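Readers should treat all values here as calculations from the given coordinates under stated rules, not as data from a laboratory. Since we're looking at a predicted model, the values are computed, not measured. As a convention, Cβ positions derive from the backbone with ideal geometry for all residues, glycine included, and neighbour counts pool all protein chains shown.
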Amino acid sequence: MLERRVAGTVPAKHHIQLRSPGGELRYEECFTQDGFEGPYTIGYHLHPPHTQALAELKAGWTLPVAAPERRLAKRHYKTQDLKRTGGPPVNARTPLLFNTDLTLGMVYPSAADPVYVANADADELFFVQEGAGTLRTAFGDLRFQKDDYVFIPRGMTHRFLPDEGVAQAWLWMELLGQMHLPRQWRNETGQLRMDAPYCHRDFRHPEFRGPVEEHLRDLLVKRNGAFHGFRSAHSPLDLVGWDGTVYPFAFPILNFQPRAGLVHLPPTWHGTFAARGALICSFVPRVVDFHPQAIPCPYPHSSIDCDEFIFYLRGNFTSRRGVGPGSVSHHPAGVGHGPHPGAYEGSIGTTRTDELAVMLDTTLPLRPTATALAVEDPGYQASFIPAHQ
């Protein structure tokens, strides 16, 4: 995904024996993508990693179900008004908007996962609006904190441990098509270009601990939109070493290096991650356009191939009024959208913006769940009508 990394003890070559100083054979596991044609990581276990028994586990989050069809309109959902039910992340993921490429929602956890989890349907990307904690995998512990993106590859066994006594609020993105860094930011060898909006040093990686024993044996796997339980005789975190390019990572949004142009730049310049049917963008504090006659506020636009989803974090949202931290705007394809009345004209002469937000452009229409409708702002569409009209 990012670059090849090696941790712990590995043999000199793939698929050959690795033995302990006492002669015990280690068990190789190949974690592959795109069959055997894509990126992969190879880990070395104390015990065979594939000998799980079936188990009945009562865990798993609510799957998205579409609310009844509604007319086309611009929408505003106030996630800050959602009930924070708490519990472990494995149960606390709450879907709000979705299509066949992805699900978008919120997580308000208050406890550690009591089981290991593997989402075999999708990569998962979280944005930490509030809180901090540790993502634990066999590849090591990954600390995360407020303003971090946290990425978990599809099918990777993991467990979240939110920090105790700390309020948590995470934006959740379940991406059914493989997530990657936008290709325009890489050179022909796969390295991030020197003019990319981030560099390899901006990403945090797991800190390998060697074999970990938590006395947990249960694994919940999500596959084909259902949850399946398994139980192992040994800890699944029993790696002595690993080598590869597929692993979890954290990326602080404020490490994103924004661009400024003579005139307003389109969202593609803010592209941070991409997946099938989605471009994920980071809007961070920055200077704005510097043409003498520039209009810094985003221009009205009709992006007929995209729905626009924006999760507002903090700062001065110059193009919107009535939104605050935790607000979600959903502007569907087919109806033009842009700044609120007065914002376009009022932006003239400004030199910088301090907004912080996560945006997705999706190629398939997003459908809301009943949970999203329960926190919808009913006056949002009408708020774009000028007072004199």
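The amide H of L102, built 1.01 Å from its N in the peptide plane, has L176 as neighbours under 5 Å, considering only residues 5 or more places off or on other chains.
For the range 178-194, 3J(HN,Hα) computed residue by residue from phi via the Karplus equation (6.51, -1.76, 1.60; θ = phi - 60°) reads 4, 7, 8, 7, x, 5, 5, 8, 10, 8, 5, 8, x, 6, 5, 5, 5 Hz, glycine and proline entered as x. Distance between the 7 Å Cα→Cβ label points at T351 and H291: 2.0 nm.
Is the range 257-384 best put as rounded, prolate or oblate by its Cα gyration tensor, with a ≥ b ≥ c the root eigenvalues, rounded for a/c under 1.5, and otherwise prolate when a/b is larger than b/c, oblate when not? Before the final figure, lay out the partial values.
Values: a/c = 1.68, a/b = 1.36, b/c = 1.24.
Prolate shape, in that a/c is at least 1.5 and a/b is the bigger ratio.
For the chain, a crude dipole built from +1 on the beta carbon of Lys and Arg and -1 on the beta carbon of Asp and Glu, taken about the Cα centre, is about 260 debye to the nearest 20. Annotation: amide H-H contacts under 5 Å for S110 (H modelled 1.01 Å from N, sequence separation of 5 or more, or interchain): G87.
How would you rank T371, T103, going from fewest to most other Cβ atoms within 10 Å of each one's own Cβ?
So the residues, fewest neighbours to most, are T371, T103.
Go through Q129, L220, W185 and say which Cα lies farthest out towards the positive end of the charge dipole of the chain; charges sit on Cβ, +1 for Lys and Arg, -1 for Asp and Glu. Of the options given, the answer is Q129.
Report the extension gain between R186 and R19 in nm, rounded to one decimal, defined as 0.36 nm multiplied by the number of residues separating them, less their alpha carbon distance.
Values: separation 167, 0.36 × 167 = 60.12 nm, distance 3.77 nm.
Net length gain for the segment: 56.4 nm.
Of all lysines in the structure, the ones whose alpha carbon falls short of 16 Å from that of K222, not counting any fewer than 8 places away in one chain, are K58. If only the Cβ of Lys and Arg carry +1 and only the Cβ of Asp and Glu carry -1, the dipole of the range 110-214 around its Cα centre is close to 380 debye. The coefficient of translational diffusion for the chain, derived via Stokes-Einstein from the alpha carbon Kirkwood radius under 20 °C and 1.002 mPa s, stands at 96 µm²/s.
Across the range 226-243, computed HN-Hα scalar couplings (Karplus, 6.51 cos²θ - 1.76 cosθ + 1.60, θ = phi - 60°) run 9, 10, 10, x, 9, 9, 9, 7, 10, 5, x, 9, 9, 6, 9, x, 8, 8 Hz from first to last residue, x flagging Gly and Pro.
Can you compute the charge dipole magnitude of the range 257-384 about its Cα centre, using +1 on each Lys and Arg Cβ and -1 on each Asp and Glu Cβ, nothing else charged? Give it in debye, rounded to the nearest 20. All intermediate terms of the calculation are to be shown ahead of the outcome.
Values: 8 positive and 10 negative charges, 49 e Å.
With Lys and Arg at +1 and Asp and Glu at -1, about 240 debye.
Sorting C30, C281, C306 by the number of Cβ atoms found within 10 Å of their own Cβ, with the fewest placed first, yields C30, C306, C281. Per-residue Karplus couplings for the range 104-119, computed as 6.51 cos²θ - 1.76 cosθ + 1.60 with θ equal to phi - 60°, are listed in order as 10, x, 10, 9, 10, x, 9, 8, 6, 4, x, 9, 7, 10, 9, 8 Hz, Gly and Pro entered as x. Taking the fewest neighbouring Cβ atoms within 10 Å as the starting point, the ordered list for W61, W185 is W185, W61. Within straight-line reach of K78, meaning a Cα separation under 27 Å, sit the following lysines at least 8 residues removed in sequence or on another chain: K146. Each stretch of four or more DSSP H residues adds -39500 (n - 2.57); spread over every residue of the chain, this sum gives -500 deg cm²/dmol at 222 nm.
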